[in-house]
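One structure below.
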Amino acid sequence: MTSVSTPGTAQSAPLPADWRDFFALTKPRVMSLVIFTGLCGLLAAPVSVNPVLGFTAILCIALGAGGSAALNMWWEADIDAQMKRTAARPLPAGRMPRESARDFGLILSLISVLIMAVGVGYLAAAVLAFSIFYYAVIYTMWLKPRTPQNIVIGGGAGAFPPMIGWIAATGEITLMPILLFAIIFFWTPPHFWALALFVETDYAKAGIPMMPVVAGQHSTRRQILVYAVLLLPLAMLPFWIAGAGVVYGASALLLSAIFLVLALRVAVFRQGVGETDMGPEKRLFAFSVFYLFALFAALVADRWIMG
């Protein structure tokens, strides 16, 4: 059996990987948000969607997200081994060879694009293929280890699913899916930097130039607030252009206002630097996840209620 390096040991044989390890490679918690926003993009489109086509599109989005996540873990196995938050993942824990994660990621990615092309459409397949490349190569291999703007630019990787869902339903790219992309793009920096503030030591230890490590906490907090300010009018745009109705508009205003208040608390918070001292950051991070779920749920509810 091939041996791999694991933290704290010289060489040791990896434990046999089972289905749970391969499932963990897909980052299921992240995938749940990807699948949900993709489904919302599909359901919010102003057309009737064939259930088989819809299921196929969401399946392909899920497979593509899982494949790109596995490639991310393959590439970052050494980094993950240095971080407390990720050290128990299958590769740094030594439960499978890195090549298995790479091959698994490539197979899932290829299958997702092929099925999307044949079963849904070439435009949706092309955007899906680019989203996988964006996350696995542009973000993981190029941006993340080189620039503190990694999350800003790399945020595009997580912003594709609702656009893909919309394209799968309609067969075209219009202003609405671009706005849905933009909302997630601008949501990503404050969401991720809130996390980075209370796990800053992990990123510093691994040598990843996240914003708090490179620019410091003061600058990061200020930028979180700037993005939260920009997010509010951006989230309202679907309502202002009549792409969504009052149900979405009221929900977007309320959710974005709460997001802004929590970001303001993070921006003015100056006490302690330890993980236990970062209540405002943890509250913003937790709410940011709820924010995206609730905002896109409101978009679908608006479509079905308002017609």
Exercise for review: Enumerate the calculated ³J(HN,Hα) couplings along the stretch 284-297 in order (Karplus 6.51 cos²θ - 1.76 cosθ + 1.60, θ = phi - 60°), each rounded to whole Hz, writing x wherever the residue is Gly or Pro.
Suggested key: 5, 4, 5, 5, 4, 5, 4, 4, 5, 4, 5, 5, 6, 5
Study note, to complete from the structure: For the stretch 160-250, the percent of accessible surface on carbon and sulfur atoms (probe 1.4 angstrom, ligands and nucleic acids excluded) is 71
Revision key, fill the gap. The ³J(HN,Hα) series, computed from each phi in the stretch 163-168 with the Karplus coefficients 6.51, -1.76 and 1.60 at θ = phi - 60°, rounded to the nearest Hz and given as x for glycine or proline, is 5, 5, x, 5, 5, 4
Practice item. Could you tally up the Lys pairs in the chain with alpha carbons closer than 19 Å? Skip any pair fewer than 8 positions apart unless they're on separate chains. Key: 6
Point to revise | Sequence-separation-based contact order of the chain, relative, with Cα cut under 8 Å and 6+ spacing, percent | key: 18
Review point. How would you order 35-43, 201-209, 216-224 from highest to lowest mean count of nearby Cβ atoms within 10 Å?
Key: 35-43, 216-224, 201-209
Revision key, fill the gap. Rounded to a whole %, the carbon-and-sulfur portion of the accessible area of the stretch 25-71 at a 1.4 Å probe is 75
Point to revise | Label point at THR201 placed 7 Å out along Cα→Cβ; residues across the stretch 81-102 whose backbone nitrogen lies under 14 Å | key: 83-85
Check your understanding: HN-Hα J couplings of the stretch 202-208 from phi, Karplus 6.51/-1.76/1.60, θ = phi - 60°, integer Hz, Gly and Pro as x?
Key -> 4, 5, 5, 4, 7, x, 8
Exercise for review: Determine the per residue accessible area of the chain with all protein chains present and a 1.4 angstrom probe, expressed in square angstrom.
Suggested key: 44
Point to revise | Cα→Cβ-extended label distance, 7 Å offset, between ARG283 and PHE55, nm | key: 4.4
Check your understanding: Rounded, prolate or oblate: which one fits the stretch 20-126, using the alpha carbon gyration tensor with axes a ≥ b ≥ c (rounded when a/c is under 1.5, else prolate when a/b beats b/c, else oblate)?
Key -> prolate
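The values are calculated or read from the model by the stated rules, or taken from the named source; none is laboratory data. In this text, all values refer to a predicted model and were calculated from it rather than measured experimentally. Neighbour counts run over all protein chains shown; Cβ positions are idealised from the backbone, glycine included. Surface areas here come from the heavy atoms of the whole protein model, side chains and all, with no ligands, DNA or RNA. Shrake-Rupley method; radii C 1.70, N 1.55, O 1.52, S 1.80 Å.
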